[in-house]
Amino acid sequence: MGYEETWRRSVDDPEAFWGEQAALIEWHVPPTRILDASNPPFRQWFVGGETNLCHNAIDRHLATRGEQLAIVAVSTETGVTREITYRELHREVNAFAATMTELGVGRGDRVVVYLPNIAEAVFAMLACARIGAIHSVVFGGFAAHNLALRIDDAEPRLLICADAGMRGGKVIPYKPLVDAALRESRSPPPHVLVVDRGLDPGMPLVDGRDVDYATQRERHLGTTVPVAWLESNEPSYLLYTSGTTGRPKGVQRDVGGYAVALALSMTAIFDLRPGQAILCTSDVGWAVGHSYNVYGPLIGGCTAILYEGLPTHPDPGIWWRLCDTYGVRTMFSSPTAIRILKKQDPAWLTRHALSTLRWIFLAGEPLDQPTYDWLAQGTGKTVIDNYWQTETGWPALSLMPGLDLKPVKPGSPGFPTFGYRMRVIDDATGQDKAPGEKGVLVIEPPLPPGCLTTLWRDDERYVRSYFGHFREVLYSSLDWAVRDADGYTFILGRTDDVINVAGHRLGTREIEESVATLGAVAEVAVVGVADELKGQVPAVFATLKQGVTDDPGDVARAMERRVVELLGGVARPGCVYVVSSLPKTRSGKLLRRSLQALMQGADPGDLSTLDDPNALEDVKRAIRRGP
Ligand code: ATP
Ligand code: MG
């Protein structure tokens with residue numbers, strides 16, 4: 001069956017469709033009901049079914065692929081590569097689970113995981129899944145205050161951390177951050193399990209509270225901990241959104257629906273069969289990392305390459321080399337990461353054979369045409385844009401080479417994946433927009449398996465944030481989109497990233513893309529600022545490429561001319577600032593709302609996920625100096 005037919009069935013008869021897909025995973029007790037949508041906008045998938053993510057990720061493969069590589073953890077920071085088979089993974093996860101059980105962690109307890117992108121992060125997550133504990137992975141490197149906020153929200157029984165992470169050869173001690181966070185926290189856990197990588201010889205330890213992982217591992221290696229069979233809708237984990245548009249939301253995921261959706265995505269979207277390898281360059285701390293560094297590949301019986309380090313170290317060919325070494329078929333990365341490689345010598349793209357690599361998936365932000373062209377032409381591979389949110393847990397819009405690959409249209413993540421009935425509607429009237437017209441991208445209920453079930457301990461915010469806009473019926477993605485006549489969807493930016501100039505609504509992305517066509521521009525962010533006459537006008541913030549020596553004033557004028565030339569006088573920027581860096585979240589997304597606040601002299605809001613505070617200072621100085 002082709003895409004259209006399969007997709008149509010998935011939305012017209014979701015119970016039949018997902019009932020069949022349930023067979024992709026192993027159940028201890030099969031579900032008695034596929035879908036319960038009696039309490040909208042909440043819904044439950046695979047009701048009454050009992051299963052376990054760790055069982056499906058490891059145990060079920062032992063008989064057939066115990067000696068196959070499950071995880072290859074590569075660190076170009078420490079120079080160490082660890083190749084771990086499914087059987088070894090089973091041993092490690094059991095030792096981890098035994099340690100956690102001994103520390104008093106049980107089913108339904110929360111565990112905060114604050115680790116770098118190393119194998120122990122995978123062990124910790126799977127060990128939680130095994131015993132039915134709920135993990136909340138906090139991206140390693142978030143500051144103490146952010147960690148404290150997440151600890152207070154989860155009220156964990158245990159925190160797992162490392163002595164340190166590393167970035168660009170620099171050791172970043174984690175433990176002092178953890179200690180500070182626990183001092184600040186209202187509900188510090190009784191124990192901290194410390195993975196000592198030997199990077200920080202001066203690491204402080206608290207007697208009676210801190211427990212050394214290596215010692216416990218020795219004691220427990222060889223123990224088998226039985227898996228906890230969870231009802232399909234029990235929580236598996238919590239994960240916060242990036243905080244691009246405001247206070248991060250604590251996305252709660254289920255067990256059965258998530259496992260089934262991931263299993264299907266591995267074959268149909270990512271075109272991976274058991275035994276094949278995927279390189280996902282994300283960090284386990286993000287949604288992509290949860291789904292495609294850990295759970296998806298392992299549930300699919302694949303080999304997952306985990307990477308700690310910069311994309312340019314020891315040289316910009318490192319990811320391509322890994323593809324060749326491990327016979328990677330599918331690679332998954334982000335436009336931000338590719339833009340970093342794009343600043344380097346393009347020869348790095350052709351130095352490796354890449355004979356097994358078929359598909360390069362990119363997600364997380366708009367994929368601009370210059371970046372797409374550079375990667376697709378440089379590698380000769382098919383580059384596939386896919387759109388999702390922490391909330392959806394797996395791609396919602398994507399081409400599906402594992403099913404039938406439609407032609408790529410650069411700039412579009414393509415078509416809805418299974419179970420996603422999406423519409424582009426008018427934000428005021430709720431009416432469907434015609435092809436070519438911009439509207440809000442919404443999902444008709446029920447949300448398919450794998451999507452969030454609620455926000456942690458905040459059903460009310462869940463309903464208000466996502467369903468509050470359209471009569472509590474439709475899920476709003478909070479993104480603008482447009483569909484072309486062939487049904488391809490294009491994402492135009494976030495609903496709060498729209499500028500209203502004298503009644504004309506302009507997406508910030510359109511303006512950014514026109515500025516980006518100037519060769520001197522490296523990155524650009526556009527926000528709307530209040531204007532007495534027109535209501536709002538665009539303010540442009542841009543960084544220039546390395547080595548550009550043009551006068552910043554000249555480049556600024558060229559940007560203004562280019563916008564008018566491509567989008568018309570209505571989009572003429574009110575001001576253009578050339579700055580040395582732009583504020584971004586830790587996951588590489590532009591924090592436009594902070595730029596907008598600074599322009600209007602307002603409080604920049606929640607900045608807990610800001611990557612580099614200096615970027616904001618630089619912007620402040622630029623604003624004070626004037627355009
Ligand atoms: P918050 O919800 O806290 O403001 P966030 O939306 O940045 O943060 P994520 O869940 O990490 O948190 O990001 C999802 C968003 O990223 C999408 O809603 C969309 O705006 C953007 N995005 C993801 N993939 C794509 C893509 N392929 N093309 C365009 N935009 C994308
Ligand atoms: Mg979001």
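The values are calculated or read from the model by the stated rules, or taken from the named source; none is laboratory data. Just so you know, these numbers come straight off a predicted model, no measurement behind them. No Cβ is skipped: glycine too gets one built from the backbone with ideal geometry, and neighbour counts run over all protein chains shown.
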Report summary line: Cβ pairs under 9 Å, 6+ apart or interchain, first in region 456-476 and under 19 Å from T390 (Cα atoms) and acidic (D, E), second modelled with pLDDT under 95 and part of a loop (DSSP other than H, G, I, E, B), ordered by first then second residue, are D458/K249
Report summary line: Of the residues in region 397-416, those that are away from ligand 2 (no atom under 16 Å from the Cβ) and in a strand (DSSP E or B) come to S398, M400, D404, G414, F415, P416
Query raised in the report: Identify, please: which residue in region 215-261 is more than 10 Å from ligand 1 (Cβ to nearest atom) and of a type in the set (K, R) and is, among those, nearest to Y466 (Cα to Cα)?
Result: R253
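Let's see how each residue does on (1) farther than 28 Å from T303 by Cβ; (2) among the hydroxyl-bearing types (S, T, Y); (3) within 25 Å of the chain's Cα centre (by Cα):
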{"site": "P31", "(1), (2), (3)": "yes, no, no"}
{"site": "P40", "(1), (2), (3)": "yes, no, no"}
{"site": "W45", "(1), (2), (3)": "yes, no, yes"}
{"site": "G48", "(1), (2), (3)": "yes, no, no"}
{"site": "N52", "(1), (2), (3)": "no, no, yes"}
{"site": "S75", "(1), (2), (3)": "no, yes, yes"}
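This table checks each residue for (1) closer than 21 Å to R592 by Cβ; (2) in contact with an Asp or Glu (Cβ under 6 Å, 6 or more places away or on another chain); (3) among the hydrophobic types (A, V, I, L, M, F, W, C); (4) surrounded by 14 or more Cβ atoms within 10 Å (Cβ to Cβ).
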{"site": "G519", "(1), (2), (3), (4)": "no, no, no, no"}
{"site": "E523", "(1), (2), (3), (4)": "yes, no, no, yes"}
{"site": "L533", "(1), (2), (3), (4)": "no, no, yes, no"}
{"site": "A542", "(1), (2), (3), (4)": "yes, no, yes, yes"}
{"site": "R557", "(1), (2), (3), (4)": "no, no, no, no"}
Query raised in the report: Can you name the condition, by its number, that W394 falls short on among (1) near ligand 1 (Cβ under 10 Å from one of its atoms); (2) within 14 Å of the chain's Cα centre (by Cα); (3) assigned to a loop (DSSP other than H, G, I, E, B)?
Result: (1)
Query - Given (1) over 25 Å from H290 (Cα atoms); (2) more than 15 Å from ligand 1 (Cβ to nearest atom), number of the condition R358 does not satisfy - result: (1)
Query raised in the report: Considering only region 560-615, how many residues are of a type outside the set (K, R), in a loop (DSSP other than H, G, I, E, B) and more than 30 Å from H290 (Cβ to Cβ)?
Result: 9
Report summary line: Turns out the strands (runs of 3 or more DSSP E) fully within region 181-282 with at least 2 residues that are surrounded by fewer than 23 Cβ atoms within 10 Å (Cβ to Cβ) and within 16 Å of ligand 2 (Cβ to nearest atom) are 250-253
Query - Condition check for E50: on the phi < 0 side of the Ramachandran plot and touching a residue at least 24 places away in the same chain (Cβ under 8 Å) - result: yes
Report summary line: Those residues of region 361-391 which are within 20 Å of V328 (Cα to Cα), within 12 Å of ligand 1 (Cβ to nearest atom) and of a type outside the set (F, W, Y) amount to L362, A363, V383, I384, D385, N386
Requested in this report: Check region 345-355 and report whether any residue there is in contact (Cβ under 8 Å) with a residue 12 or more places away in the chain, surrounded by fewer than 21 Cβ atoms within 10 Å (Cβ to Cβ), aliphatic (A, V, I, L, M) and farther than 24 Å from I84 by Cα.
Outcome: yes
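Residue by residue, here is whether (1) modelled with pLDDT of 95 or more; (2) part of a helix (DSSP H, G or I); (3) of a type in the set (S, T, Y); (4) surrounded by 22 or more Cβ atoms within 10 Å (Cβ to Cβ) holds:
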| position | (1), (2), (3), (4) |
| --- | --- |
| E5 | yes, yes, no, no |
| R9 | yes, yes, no, no |
| W27 | yes, no, no, no |
| P31 | yes, no, no, yes |
| A63 | yes, yes, no, no |
| V72 | yes, no, no, no |
| I84 | yes, no, no, no |
| E88 | yes, yes, no, no |
| F96 | yes, yes, no, yes |
Report summary line: Per the filter on region 487-526, residues over 19 Å from G364 (Cβ atoms), in a strand (DSSP E or B) and either without any contact (Cβ under 8 Å) to a residue 40 or more places away in the chain or within 16 Å of ligand 2 (Cβ to nearest atom) (or both) are V498, I499, N500, V521
Report task. Scan (1) assigned to a loop (DSSP other than H, G, I, E, B); (2) within 16 Å of ligand 1 (Cβ to nearest atom) for the single condition G436 breaks and write down its number. Result -> (2)
Query raised in the report: Can you tell me which residues in region 397-410 are more than 9 Å from ligand 1 (Cβ to nearest atom) and of a type outside the set (D, E)?
Result: L399, M400, P401, G402, L403, L405, K406, P407, V408, K409, P410
Report summary line: For region 115-162 the number of residues that are out of contact with any Lys or Arg (no Cβ under 9 Å at 6 or more places or on another chain), outside any helix (DSSP H, G or I) and more than 21 Å from N56 (Cα to Cα) is 6
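Matching residues to (1) of a type in the set (A, V, I, L, M); (2) more than 16 Å from ligand 2 (Cβ to nearest atom); (3) out of contact with any Lys or Arg (no Cβ under 8 Å at 6 or more places or on another chain):
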| residue | (1), (2), (3) |
| --- | --- |
| I360 | yes, yes, no |
| Q369 | no, yes, yes |
| A376 | yes, yes, yes |
| V383 | yes, yes, yes |
| P395 | no, no, yes |
